[in-house]
Amino acid sequence: MRSINMPLFALVLVLDGGAGLAANQPAPSRAPAALLSPTPPMGFNTWNKFGCDVSEQLIRETADAMAANGMRDAGYRYVVIDDCWQVSRDASGRIVADPQRFPGGMKALADYVHGKGLKFGLYTDLGTKTCEGRPGSLGHHDIDARTYAEWEIDYIKVDWCNADDLDAREHYTMFRDALRKTGRPIVLSICEWGRNRPWEWAGGVGQLWRTTSDIRDRWESVVWILNANEAHASAAAPGHWNDPDMLEVGNGGMTAEEYRSHFSMWAMMAAPLITGNDLRAMSAETRSILLNEEVIAVDQDSLGVQGRKVLDRGYGAQVWVKPLADGSRAVAVLNLSEKEADLYLRWSDIGLPPGAASVRDLWAHLDVPAHADNGKHFDERLKLKVPGHGVAMLRVKTLTPPR
Ligand code: GLA
């Protein structure tokens, strides 16, 4: 029973997402999209740290850093310039990049990023203007898509400021079609903050869709988004993902413990892992979080199921579970209280019979020994010391039942 329990659950989720799409979308629209992002996209975006202070120098240096510091090899691929790279349109309606900040032009910058073994992304908005008042794409879908394809971009984040009167599904679909006409595979990141219930329709349109308003570099923001994004878990599947917004790890507003929890829970939710800190100047601690390959592997697991909260003990202790392709489960035991606490993970909490599990601690990088107190009760539960606002992140393998 234990070996089929979770895979069946996972299968139902995947089929559920597929069935919803089939009812609402023409069948051919899913296939190319599914190929573009079979696991959640990973990369870097300028917004959280740099706002409008973007330049080709920043992008080149960031690409250099990602290639040199292990991030590219850990799976971070997309280097995305958010708002403020664009200043106007020329007489033919073509978008113009800021000549002061991007004197070499976007094509040369894309070439540079590609030369580092990375992919390149930009930002636009479906309305008249972007959130920062730069030219939006309304009335310019085709020319913008053609321009991006000529520049050889791989990813476009499409925002929703100054677009209130538009039908989101219709306009994002039009934008998708304009991208398709170019023949270049470009990831479409839908950013309308969950206002138009994208989890119900965006799976056949883009590869990721924001589910909430903007993240802030604060623990309260992480906790709020975590719960809001959980509600849409069944909409995520290989090729299309809920996007609880970009990472704040390393930006200074939270403790290292909180950043570890933030990163762990984004991985549990199969969220896009888009870093938003200065990758050229990371502390060893920030690096150890963003480069935790065992946690990244949970995010990138090929089963593509978004983890869910299975238990809320009411005093700040939560248990989250994400089924993985090899039949094991990623488990996060989250301590939302401010104080360190002894928390118990019972195998029954995650649907396992007694004596069933072998456990890997994904932050200590150790197999959890059945010692001391754990030894006595290991057949029933695991005792975990979890710091305030901290998390224990585990990979739990079920053992073959004794015959
Ligand atoms: C919106 C988006 C952010 C960022 C800014 C840029 O707020 O949600 O992620 O792109 O616009 O202006």
Query raised in the report: Which one is most open to solvent (accessible area, probe 1.4 Å) among residues in the stretch 78-110 that are within 16 Å of the ligand (Cβ to nearest atom) and assigned to a loop (DSSP other than H, G, I, E, B)?
Result: 101
Query raised in the report: Taking the stretch 261-320 as the search range and keeping residues that are among the hydroxyl-bearing types (Ser, Thr, Tyr) and either more than 22 Å from residue 65 (Cβ to Cβ) or at pLDDT below 95 (or both), which one is surrounded by the most Cβ atoms within 10 Å (Cβ to Cβ)?
Result: 261
Report summary line: Within the stretch 334-363, restricting to residues that are under 22 Å from the mean Cα position of the chain (by Cα) and in a loop (DSSP other than H, G, I, E, B), the one that is surrounded by the most Cβ atoms within 10 Å (Cβ to Cβ) is 362
Query raised in the report: Does residue 331 satisfy the criteria of being crowded, with 19+ Cβ neighbours inside 10 Å, aliphatic (A, V, I, L, M) and outside any strand (DSSP E or B)?
Result: no
Query - Hey, residue 75 surrounded by fewer than 23 Cβ atoms within 10 Å (Cβ to Cβ) and either of a type in the set (Gly, Ala, Ser) or in contact (Cβ under 8 Å) with a residue 24 or more places away in the chain (or both) or not - result: yes
Query raised in the report: Among the candidates 165, 154, 177, which residue alone is more than 16 Å from the ligand (Cβ to nearest atom) and crowded, with 21+ Cβ neighbours inside 10 Å?
Result: 154
Query - Residue list for the stretch 42-61, filter: more than 19 Å from the chain's Cα centre (by Cα) and either assigned to a helix (DSSP H, G or I) or of a type in the set (Ser, Thr, Tyr) (or both) - result: 50, 55, 56, 57, 58, 59, 60, 61
Requested in this report: May I ask you to list the residues in the stretch 202-224 that are outside any loop (DSSP other than H, G, I, E, B) and away from the ligand (no atom under 16 Å from the Cβ)?
Outcome: 203, 204, 219, 220, 223
Query raised in the report: In this structure, does residue 162 turn out to be on the phi > 0 side of the Ramachandran plot and in the same structural domain as residue 141 (by TED's automatic domain parsing)?
Result: yes
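The values are calculated or read from the model by the stated rules, or taken from the named source; none is laboratory data. A quick note: this is a predicted structure, and the numbers were derived from the prediction, not measured. As a convention, Cβ positions derive from the backbone with ideal geometry for all residues, glycine included, and neighbour counts pool all protein chains shown. Accessible surface areas use protein heavy atoms only, side chains included; no ligands, DNA or RNA. Shrake-Rupley method; radii C 1.70, N 1.55, O 1.52, S 1.80 Å.
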